[in-house]
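Trainee: I have a structure I would like to understand better, so I am pasting it below and will then ask my questions one at a time.
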Amino acid sequence: MADPHLTPVIRLAPAKLNLSLAVVGRREDGFHDLHSVFVPLALADRLSLAPARANAREDSLHVTGFDAGPVADNLVLRAIAVARAAVGEGPARAATPALAARLEKLIPVAAGLGGGSSDAAAAFDAALEAWGAELDPERRADAAASIGSDVPFFLRGTPALVEGRGERLTPLKGVHGHPGILLVTPRVAVRTPDVFAVFDAIRGKGDGSIRMSSEHLAQELGNGLSATDLIARAGVLASANDLLPAALLVAPGLVGVKRALTRTLTKAVGMSGSGPTLWTLYPSLAEAQAASEVVQAAVIAGTIPSIGDRPPSIVATTIHTGHEVPTP
Ligand code: C5P
């Protein structure tokens, strides 16, 4: 990438939703084995990578939109560094000069929507493109998994059954059409490691029903499911998250928000990943948008509590399926 006039490499980094999440075991490395159906959403961050200014020796990152915390801790910089190391170890001869990254954060941060991991996957892939470097599939997969558990899913970008720590992916046909989804993210910090730690502390024997729901859903999405059929399963899916009880203990205020949302929307309300984002499903984006206005009004009226230091983030989007490029 010696030519500084090259146009920046631009990527959309979509959010994800866990339609099911079964924790099936604790591993020796401290991580947990999962059985989870992941789908990408149209809601996406925007990332661009360009050559760093002349003489700049370090990668840089400028973030706008949601506050993503200290830049030095951002997974985008880590992903570029991992990509550079992987290129350096491989047979490829590509040079890997410093990059200047710009990230527009539209996905709420630390929300259970995978935004940071998606940004990392986008940065990893975009850095390789910017350098004109290639990695063999195994090195690529190992490098992606070393950045974070959800990164392999985002690198592939299609609906998938995710197993192991996140590295075993089975692509699924997904949902026909674009069902709408309303995301309500209370502004409380819910750290994923804390949720897993509480999960370990409280885990009873469990009756395996969430695993069964997840297996059933993976099978159905493997063949392709209509939006109507997906919505008919919303009640089951809303309960198909093993991390929900732990997240409610980590952030007790979520209990009241979830109850109030259920009452306001008269719909099953699920939680994505380790939370705190809560979701409801709709046949279309327009219906999800109408619901977002109802929730907005209820937050202003105080019938849905604002926990944390600000009102929740409320976003209507769609489940993105297939191999098309997601649009906002
Ligand atoms: O891999 P990542 O950094 O995204 O994981 C964040 C934390 O979530 C880990 O430190 C671990 O505590 C927990 N985790 C887990 N099992 C997984 C994924 C994440 O225990 N499969």
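Trainee: Would you tally the residues in the stretch 64-107 being in a loop (DSSP other than H, G, I, E, B), open to solvent by less than 50 Å² (accessible area, probe 1.4 Å) and touching a Leu at 6+ places or on another chain (Cβ under 8 Å)?
Mentor: Looking only at that region, the number is 5.
Trainee: Mind checking which strands (runs of 3 or more DSSP E) fall wholly inside the stretch 150-265 and carry at least 3 residues that are hydrophobic (A, V, I, L, M, F, W, C) and in contact with a strand residue (DSSP E or B) (Cβ under 6 Å, 6 or more places away or on another chain)?
Mentor: 160-164, 180-185
Trainee: A follow-up question, please. Name the single residue, out of those in the stretch 18-47 being away from the ligand (no atom under 11 Å from the Cβ) and surrounded by fewer than 19 Cβ atoms within 10 Å (Cβ to Cβ), that is farthest from the chain's Cα centre (by Cα).
Mentor: Applying the filter and picking the extreme gives E28.
Trainee: Quick one: would you say V188 is among the β-branched types (V, I, T), open to solvent by 20 Å² or more (accessible area, probe 1.4 Å) and touching a residue at least 12 places away in the same chain (Cβ under 8 Å)?
Mentor: Criteria met by V188.
Trainee: Looking for something hydroxyl-bearing (S, T, Y), closer than 19 Å to G275 by Cα and within 16 Å of the ligand (Cβ to nearest atom) - is there at least one such residue anywhere in the stretch 235-243?
Mentor: No.
Trainee: Just checking, which of L248, L265, L221 is touching a residue at least 40 places away in the same chain (Cβ under 8 Å), within 21 Å of the chain's Cα centre (by Cα) and away from the ligand (no atom under 16 Å from the Cβ)?
Mentor: Just one listed residue meets the conditions, L221.
Trainee: Check A122, A141 and return the single one that is of a type in the set (A, V, I, L, M) and open to solvent by 30 Å² or more (accessible area, probe 1.4 Å).
Mentor: A141
Trainee: Can you give me the number of residues within the stretch 257-280 that are over 20 Å from L106 (Cα atoms) and buried (at least 17 other Cβ atoms within 10 Å of the Cβ)?
Mentor: Residues that pass the stated criteria total 10.
Trainee: Now, a different point. Filter the stretch 115-149 down to residues that are of a type in the set (G, A, S) and not in a helix (DSSP H, G or I), then give me how many there are.
Mentor: Residues in the stretch 115-149 being of a type in the set (G, A, S) and not in a helix (DSSP H, G or I): 4 in total.
Trainee: Can you give me the number of residues within the stretch 190-217 that are within 15 Å of the ligand (Cβ to nearest atom) and in contact with a helix residue (DSSP H, G or I) (Cβ under 9 Å, 6 or more places away or on another chain)?
Mentor: 12
Trainee: Could you check G308 against (1) in contact with a helix residue (DSSP H, G or I) (Cβ under 8 Å, 6 or more places away or on another chain); (2) at pLDDT 95 or above; (3) of a type in the set (G, A, S) and say which number it fails?
Mentor: For G308, the exception is condition (2).
Each row is one residue, and each column tells you yes or no for (1) modelled with pLDDT of 95 or more; (2) away from the ligand (no atom under 16 Å from the Cβ).
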| residue | (1), (2) |
| --- | --- |
| R84 | yes, yes |
| P97 | no, yes |
| V109 | no, no |
| A122 | yes, no |
| A143 | yes, no |
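Trainee: Now a separate question. Considering the stretch 213-247 alone, what residues qualify as being farther than 18 Å from H178 by Cβ and open to solvent by 40 Å² or more (accessible area, probe 1.4 Å)?
Mentor: E215, H216, Q219, N223, G235, V236, S239, P245
Trainee: Residues that are within 14 Å of the ligand (Cβ to nearest atom) and in contact (Cβ under 8 Å) with a residue 24 or more places away in the chain: does the stretch 168-178 have at least one?
Mentor: no
Trainee: Could you please give the count of residues in the stretch 87-107 that are under 23 Å from P14 (Cβ atoms) and either touching a helix residue (DSSP H, G or I) at 6+ places or on another chain (Cβ under 7 Å) or of a type in the set (K, R) (or both)?
Mentor: The total comes to 6.
Trainee: Are any residues in the stretch 35-60 closer than 19 Å to G114 by Cα and out of contact with any Lys or Arg (no Cβ under 7 Å at 6 or more places or on another chain), and if so, which ones?
Mentor: S36, V37, A42, L43, A44, R46
Trainee: Tell me, yes or no, whether the stretch 313-321 has at least one residue that is open to solvent by 70 Å² or more (accessible area, probe 1.4 Å) and either modelled with pLDDT under 95 or assigned to a strand (DSSP E or B) (or both).
Mentor: Looking for residues that are open to solvent by 70 Å² or more (accessible area, probe 1.4 Å) and either modelled with pLDDT under 95 or assigned to a strand (DSSP E or B) (or both), one finds none in the stretch 313-321, hence no.
The values are calculated or read from the model by the stated rules, or taken from the named source; none is laboratory data. This is a predicted model, so every value here is computed, not measured. Please note: Cβ atoms are built from the backbone with ideal geometry, for glycine as well, and neighbour counts cover all protein chains shown. To get the accessible areas, we keep the full protein, side chains included, count just its heavy atoms, and leave off ligands, DNA and RNA. Shrake-Rupley method; radii C 1.70, N 1.55, O 1.52, S 1.80 Å.
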